[in-house]
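The numbers here are math on the coordinates, done by the rules we state, and not lab data. In this text, all values refer to a predicted model and were calculated from it rather than measured experimentally. Positions of Cβ are backbone-derived with ideal geometry, glycine not excepted, and every protein chain shown enters the neighbour counts.
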Amino acid sequence: MKNPDFDFMKLIEITCKDFGITTDEFFTKFRYGNLPLARQVVCYLMKRNGYKNYEIAYILQIKPSSVSKNIQSVSILMNKRQRLEKELDTLLSSIVRRRDLKYGCITCGRALIYETATAGHFMKRANRCTRWSVVNVNAQCWNCNSEDDYKKYYDAMIRRYGKEITHRIILLGNQECKYSLNDLREIHDQLIQIKNQL
Ligand SMILES: [Zn+2]
């Protein structure tokens with residue numbers, strides 16, 4: 001099913017702008033610089049929005065076999081990213097649950113054991129700038145985590161970290177972070193270091 005709100009010319013314009021190429025260059029047969037990557041991204045997103053391979057090939061004036069190759073390249077990259085992000089989530093969760101055993105649940109103070117403690121995000125998990133922050137994520141009992149009470153968590157953050165750090169986290173959590181695979185690898189290395197120091 002095609003997404004009726006999807007405008008492929010807009011997508012091509014945005015992608016070209018992002019990769020520093022012109023739309024005229026995009027529709028050539030050239031393969032220098034970011035051109036192949038830009039075409040891969042456009043093919044992948046058109047497919048995701050319901051276009052068939054032969055339609056994409058016709059619109060972009062490339063061979064259908066190139067369309068499937070382009071889509072596959074992005075899928076592999078996406079899988080790599082998803083795997084890495086999941087690994088970061090697991091790593092972070094294990095760090096904060098181990099670290100916070102001595103404090104108990106950040107919200108209600110209940111004693112925790114490693115196996116049943118949960119890693120609770122103060123700024124929501126969807127906020128990527130704070131998703132893997134060891135300050136933003138703290139051990140919680142299952143009850144408090146599922147209750148998901150921002151005000152209670154805010155008060156708890158102030159108690160544990162003070163106003164300045166808490167407000168810095170809120171600011172950071174409202175920004176938009178785009179992480180490259182390398183950025184994610186760097187976060188991974190930092191978390192490993194923290195884990196080794198526990
Ligand atoms: Zn609790």
Problem - region 147-193 versus region 53-80: alpha-carbon centroid distance in Å - result: 37
Handout entry: Length-normalised contact order of the chain in % [C-alpha pairs under 8 Å, at least 6 apart]
Key = 17
Exercise for the section: For region 26-38, take each phi angle, set θ = phi - 60°, evaluate the Karplus expression 6.51 cos²θ - 1.76 cosθ + 1.60, and give the result in whole Hz per residue in order, putting x for glycine and proline. Expected result: 4, 8, 8, 8, 5, 10, 7, x, 8, 4, x, 5, 4
Handout entry: J(HN,Hα) series, region 186-192, from Karplus relation 6.51 cos²θ - 1.76 cosθ + 1.60, nearest Hz, glycine and proline x
Key = 5, 4, 4, 5, 4, 5, 4
Handout entry: Tally of Lys pairs whose C-alpha atoms are under 21 Å apart, taken over region 78-197, 8 or more apart or cross-chain
Key = 12
Fill in the blank from the handout: For region 33-130, averaging the sequence separation of alpha carbon pairs under 8 Å that lie six or more residues apart and dividing by its residue count, the contact order in percent is 18
Practice task
Determine, for MET78, MET46, the number of other Cβ atoms within 10 Å of each Cβ, and report the residues in order from fewest to most.
Solution key: MET78, MET46
Handout entry: Proxy reagent accessibility, fewest Cβ within 10 Å first, across PHE122, PHE30
Key = PHE30, PHE122
Fill in the blank from the handout: With DSSP loop assignment and no more than 12 other C-beta atoms within 10 Å, the GluC sites (Glu not before Pro) in region 145-194 are GLU176
Practice task
Place a +1 charge on the Cβ of each Lys and Arg in the chain and a -1 charge on the Cβ of each Asp and Glu, then give the dipole magnitude about the Cα centre in debye, rounded to the nearest 20.
Solution key: 360
Practice task
Identify all aspartates and glutamates with a Cα-Cα distance to LYS52 below 18 Å; exclude those on the same chain that are fewer than 8 residues away in sequence.
Solution key: ASP5, ASP7
Exercise for the section: Would you order HIS167, HIS121 from fewest to most other beta-carbon atoms within 10 Å of each residue's own beta-carbon? Expected result: HIS167, HIS121
Problem - Reciprocal of mean inverse Cα separation for the chain (Kirkwood radius, Å) - result: 19.6
Fill in the blank from the handout: Cβ-Cβ cut-off under 14 Å around LEU88, Lys and Arg +1, Asp and Glu -1: the net charge is +3
Exercise for the section: For helix 150-173, report the angle its Cα long axis makes with the longest principal axis of the Cα atoms of the chain; keep it between 0 and 90° and round to the nearest 10°. Expected result: 40
Practice task
Would you mind checking which residues have amide H under 5 Å from ALA117's amide H? H placed 1.01 Å from N; only 5 or more apart, or other chain.
Solution key: none
Exercise for the section: Tabulate in residue order the Karplus-calculated ³J(HN,Hα) for region 134-143, using 6.51 cos²θ - 1.76 cosθ + 1.60 with θ = phi - 60°, rounded to whole Hz; enter x for Gly and Pro. Expected result: 6, 8, 6, 10, 9, 5, 9, 6, 4, 4
Problem - q = 0.19, 0.27 Å⁻¹: log10 I(q)/I(0) that the Debye formula gives for region 8-62, counting C-alpha atoms only - result: -0.57, -1.15
